[in-house]
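What follows is a set of notes on a single structure, which appears directly below.
The values are calculated or read from the model by the stated rules, or taken from the named source; none is laboratory data. All values reported here derive from a predicted model rather than from experimental measurement. Cβ placement follows ideal geometry from the backbone for every residue including glycine, while neighbour counts extend to all protein chains displayed. Ligands, DNA and RNA are excluded from the accessible area calculation, which covers all protein heavy atoms including side chains. Shrake-Rupley method; radii C 1.70, N 1.55, O 1.52, S 1.80 Å.
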Amino acid sequence: MSVVTVQLGQCGNQVGQELFDVICSDAEEGQKKTYSAGSFERFFHQNAHGDLVARAVLIDMEPKVINQSMTKAAKSGKWRYGEASHFSQSQGSGNNWANGYCVHGPRNRDVVEELVRREVECCDRLAGLMAMMSVAGGTGSGVGTYITQCLRDLHPKSFILNHLTWPYRTGEVIVQNYNSVLTLAHLYQLSDAILVHENDTVHKICSQLLNIKQISFSDVNKVIAHQLGSVLQPAFTADSHGVYSRNPLGELVSALACHPEYKLLSVCTIPQMPSSSIAYSTFSWPGLLKHMRQMLISNSKMEEGKFCSERTRSLTGFGFNRSLANLLILRGKDVYCAETGGFEDPDLYTSWLSSEESFTLWKSPVLFNKYEKSVTLVSNSQALLRPLDNMVRSAWNMFASRAYVHQYTKFGISEEDFLDSFTSLEQVISSYNQLC
Amino acid sequence: MQRSKSAVSVEVKQVIGSLCKLLAATGLEAVPTPETIRRAKFGGGVEVESLFRQLLANILKKTGIVSSEACVQFKGDDRKLVAAGLWQTGYHAHWIYAREEREGEGMEGRSFSSKDLLLALGWLLATGTLENLLTQRVQQLDKTLLTSIPANTEVSDELQLDSASLRKLQWLIGNLRHQGRILLSMLEERTQLIHAVCSASVSSTTPSFSDQSSTVLKDDCIRMRQLCDLLEAYVNWKKVEKSFWTWMDSVVECHLSEPVGKRSTHVPNVSPRVCPNGNPELQKLEDMLLKLPTAQKGQRGCVWDTKDIGKERTHSGLDPSSLPLLFSVPSLPSLSQTYRARLQAEMPVRHSSYHIEGLDERAKAADELQASQAAQMLLQTEAQLLERRDRQRMANKVLLQEMIGRLDELVLIPP
């Protein structure tokens, strides 16, 4: 079962490259053959020379980032991108969602579809498609949304997972909230699940946990790739009976996102530390799991070491992060001794789903990315409610004064389209708000 | 019917050929040749008729419309069996009743023309019999297929429709849908693997290999090949199905345009039955046909009007016992409502063409009334829905304008 990744825009192409890097090096170091084989089958195929070629399509409107990613991949010596599986042109989308969605997307539809089709044909069996992009810019968000729509049309029965990078709150692009709102509202109809990384959170992980002084995009992308890799690498599921599950996207989606109103997934992984410190640290499963549970309850996506004790914080009180469904992924030594009962507590979840339906556990005894033990939690909870609400509110405030709207209407996105998007996201916000 | 008739006639033989192939692939015995079926449109003869009768009897037996006990009862009398079977599927043609009566009078002879039987075959195909046959055959051939577990689909009356259980239900439906997709992709992979194995076994002609292969494998291989042939035949049929129905339309037209006198040679002893008073059975059938659309309309209206759809459905919508007129047709196949409605609407018209004036008018009036009522009802509903939509739009617009109005006073400084 293989996953075809579609990397869109600058962010998508950079994160994608880091992801394949993490996956490839992790699978190569894996002591178990079946684990490596499973991972390679999932993300790579072999070309005539025996090189590992990523099952990926690279799409950007400018050639620069694609060239960089391809060169980096080739330089790694372990894997590469397919020679012809990329598409770029010379003119960007100018951070305008409408330009990407209404102009660049439709114009290049055939080429992109052909690239994806070729990549899909290389798979013995397609587990699903993963589109990676940011929501702030024009190409990732606009073209990405359009391409996701095409993928949905082409593969109506395949699983489509969108990995989105949400921008810094302080702002990268003036119209980032417009772009984000339009992207999210559209993807909510198309995608099976939307996996989100927030730049702010990841930035904090880089500065506070990894002690990086000058944080570059590459550092941020590495953290995202680490967390994503930990979700996507092979693992045993409850009913896989000692065989690595072969349908990562399908299992992920059916564990977490079965309800059409709840599709936003957040991810966090512990521990994360500078690679130099890993060798000198020891972890215990009870400690890690307790930590992760506290992070889940208090909705902190980064381990900070200071938590209110559970007694002072009532489970129903303000600031409690209610979950709809959680997927816990444990990787590393003695994984079968880990006791995960704390995550099955019905108080963590909404009342209308039983904890058997809400909680899923994956395990793998193979060390992940050099960490002796690693816990990853993918959560469909209220965790993303606040950033989403901020995003929609900022965009609405701008829209109320019609700021920059003419930039969108000139490409064919009407005010009505904006209003539709606002409405559908308000619905999402209200659904998550009512989760109790 | 946009296609020109000449173009259709060229294709007809091929189209019927693909149907015959498919019927043969589903395991039916004694499938007539394409030419026989084509000739049936123009009357055929005794031998064509008997071939058709046999085919229909086989289909009815195979799909279980006529039970095996009933087959024993009929003691090999295909005519009775076909008539009874067609009645079971909801096909009520005059010749089905003609038999009983004539037998009572002790008359022997041809009871129905091959064209009647051809139309009956068309009815069976249109009601999904072909798909039933196909499913049966596939289940026979494909031993790895999971048989569906009969599930209790009845919804209990105590079902609470609060938002929490509704959400849970939506979640479970979503989960099932995802599981379905996972299974589907597994099926695709399996098909690919089977194909790989099949093509490998075809290409390897070394005797040592074939010697080693066990009989089980051989059987499997034969079954798989049969399955492939069957599915291929079905795909071919699906491609040309449209043309077949165009041709079938022409058969119906031809049947309707035939002068009454000519038809009566095929169906002897028609004249006594024309009088409705003299034939209570026919009268009963006629009444039944006239009431049928009313019953359906009532049933549909019921589902539309109700607010509490979930509850109501258990009472009216899907329960056949609520339709007193349909209870005698226990295994009414599921098919699209529109198609059924059309065929039934045609029936009274067809019948009326050879009955006395009074009945004719009555049938026509009833039929027209039904259609116009239905159309009016649809128009009304459409108008209501449109009005409701417009109202909703208006309300939304006002709300948004208010909100924007409030925000207009804010001065926004971009960050």
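Regarding A:SER254, is this residue within 14 Å of chain B (Cβ to nearest Cβ), open to solvent by less than 30 Å² (accessible area, probe 1.4 Å) and out of contact with any Phe, Trp or Tyr (no Cβ under 8 Å at 6 or more places or on another chain)?
yes
Can you report the number of residues in region A:58-86 which are open to solvent by 30 Å² or more (accessible area, probe 1.4 Å) and in contact with a helix residue (DSSP H, G or I) (Cβ under 7 Å, 6 or more places away or on another chain)?
5
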Among the helices (runs of 4 or more DSSP H) confined wholly to region B:1-93, which include 3 or more residues that are modelled with pLDDT of 85 or more and within 24 Å of B:LEU227 (Cα to Cα)?
B:5-25, B:46-62
Residues of region A:353-391 classified as outside any strand (DSSP E or B), in contact with a Leu (Cβ under 9 Å, 6 or more places away or on another chain) and either within 14 Å of chain B (Cβ to nearest Cβ) or under 21 Å from A:ASP239 (Cα atoms) (or both), total:
5
Would you say A:THR201 is in the same structural domain as A:TYR101 (by TED's automatic domain parsing), farther than 22 Å from A:PRO63 by Cβ and part of a loop (DSSP other than H, G, I, E, B)?
no
Selected residue [within 24 Å of A:LEU249 (Cα to Cα), of a type in the set (A, V, I, L, M, F, W, C) and not assigned by TED's automatic domain parsing to the domain that holds A:ASP26] from A:VAL405, A:VAL366
A:VAL366
Sort out which residues of region A:39-57 are open to solvent by 40 Å² or more (accessible area, probe 1.4 Å) and of a type in the set (S, T, N, Q), and write them in order of number.
A:GLN46, A:ASN47
Specify the residue that is nearest to the other protein chains (Cβ to nearest Cβ); the eligible residues are those in region B:138-195 that are modelled with pLDDT under 70 and over 30 Å from the mean Cα position of the chain (by Cα).
B:GLN160
Single match in A:PHE368, A:PHE418 (criterion: hydrophobic (A, V, I, L, M, F, W, C), buried (at least 20 other Cβ atoms within 10 Å of the Cβ) and within 22 Å of the chain's Cα centre (by Cα))
A:PHE368
For region A:177-201: of the residues being open to solvent by 10 Å² or more (accessible area, probe 1.4 Å) and either touching a His at 6+ places or on another chain (Cβ under 6 Å) or within 12 Å of chain B (Cβ to nearest Cβ) (or both), which is farthest from A:THR423 (Cα to Cα)?
A:ASP192
Failed item, numbered, when A:GLU114 is tested on (1) more than 19 Å from A:LEU265 (Cα to Cα); (2) outside any helix (DSSP H, G or I):
(2)
Considering region B:99-124 alone, what residues qualify as being at pLDDT below 75 and within 25 Å of the chain's Cα centre (by Cα)?
B:PHE112
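Residue-by-condition table, conditions (1) within 28 Å of B:GLU188 (Cβ to Cβ); (2) at pLDDT below 90:
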residue	(1), (2)
A:ALA73	no, no
A:SER93	no, yes
A:ASN108	no, no
A:LEU115	yes, no
A:GLU119	yes, no
A:CYS122	yes, yes
A:GLY128	yes, no
Residue by residue through region A:117-129, note down the ones that are surrounded by 22 or more Cβ atoms within 10 Å (Cβ to Cβ) and either in contact with a helix residue (DSSP H, G or I) (Cβ under 7 Å, 6 or more places away or on another chain) or on the phi > 0 side of the Ramachandran plot (or both).
A:LEU126, A:ALA127, A:GLY128, A:LEU129
